[in-house]
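Step one of this worksheet: look at the structure below.
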Amino acid sequence: MNWTLFLIPIISAFIGWFTNWIAIKMLFHPREPKKILGITFQGIFPKRQQQFAMKLGKLVSSELLSFADIEKKISDPDNVSKLLPILETHIDTFLREKLTAEIPMLGMLIGDKTITQVKGVFIKELQELFPLLMKQYMTTLENELDLEKIVIEKVGRFSSNKLEDILNQIMSTEFRFVEIIGAVLGFIIGLFQVFLTIATS
């Protein structure tokens, strides 16, 4: 028996790992277009960076950060009610300290009962006014803030190094798994070749 046959699975495993490693590297390299034998090569992500930025921009603006969803969340009565204690404290401080400091004569005319009544009127008005203000503010913000454009410009200006670093941070485990799978499949194919050779010899 030719014992060198058993080198085949090892060599096949190396080839399987190496080809997958090369395939992963080709996602990012070469960063600039390079011609080899008349064929232009460039990494997939550097080549498609602008298309990736445009798709991501549309996704963020339409799905991830909807102004309508933000407005709904901010103006939700439950969320507004969480602000009321803070507003009440500020109004109380304003009526008892700031207003009487600005108009001393007023401090002599209003007591705790009047302050409580005025504060109640303010709080009720703010409860009705706050959702309207938020709706108007979010409409203005949506008109002035083009999320899609901002994301496209930001991602489009990423350096190839930065883009590679980001994707490696997110998918390093998956990339390593692909390399290992290549080695395992290569090893299995190599074993199959050895058994086939022995069986037919």
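A few points about this structure:
- Set Glu71, Glu102, Glu63, Glu97: member being modelled with pLDDT under 80, closer than 30 Å to Leu133 by Cβ, of a type in the set (Asp, Glu) and surrounded by 16 or more Cβ atoms within 10 Å (Cβ to Cβ): Glu71
- Just one of the listed residues (Ile39, Ile74, Ile24) is touching an Asp or Glu at 6+ places or on another chain (Cβ under 8 Å) and aliphatic (A, V, I, L, M), and it is Ile24.
- Within the stretch 18-36, tally of residues that are within 20 Å of Ile181 (Cα to Cα) and either in a helix (DSSP H, G or I) or of a type in the set (Phe, Trp, Tyr) (or both): 8
- Matching residues, the stretch 155-201, being among the small types (Gly, Ala, Ser) and surrounded by 12 or more Cβ atoms within 10 Å (Cβ to Cβ): Gly156, Ser160, Gly182, Ala183, Gly186, Gly190
- Residues satisfying the stated conditions in the stretch 76-85, i.e. closer than 16 Å to Lys124 by Cβ and surrounded by 11 or more Cβ atoms within 10 Å (Cβ to Cβ): Val80, Leu83, Leu84
- Set Thr173, Thr139, Thr114: member being more than 30 Å from Ala53 (Cβ to Cβ) and either in contact with a Ser or Thr (Cβ under 6 Å, 6 or more places away or on another chain) or not acidic (Asp, Glu) (or both): Thr114
- Here is the figure for the stretch 168-201: residues that are at pLDDT below 80, more than 24 Å from Met26 (Cβ to Cβ) and part of a helix (DSSP H, G or I) total 4.
The values are calculated or read from the model by the stated rules, or taken from the named source; none is laboratory data. From a predicted model like this one, the values you see are computed outputs, not experimental measurements. Positions of Cβ are backbone-derived with ideal geometry, glycine not excepted, and every protein chain shown enters the neighbour counts.
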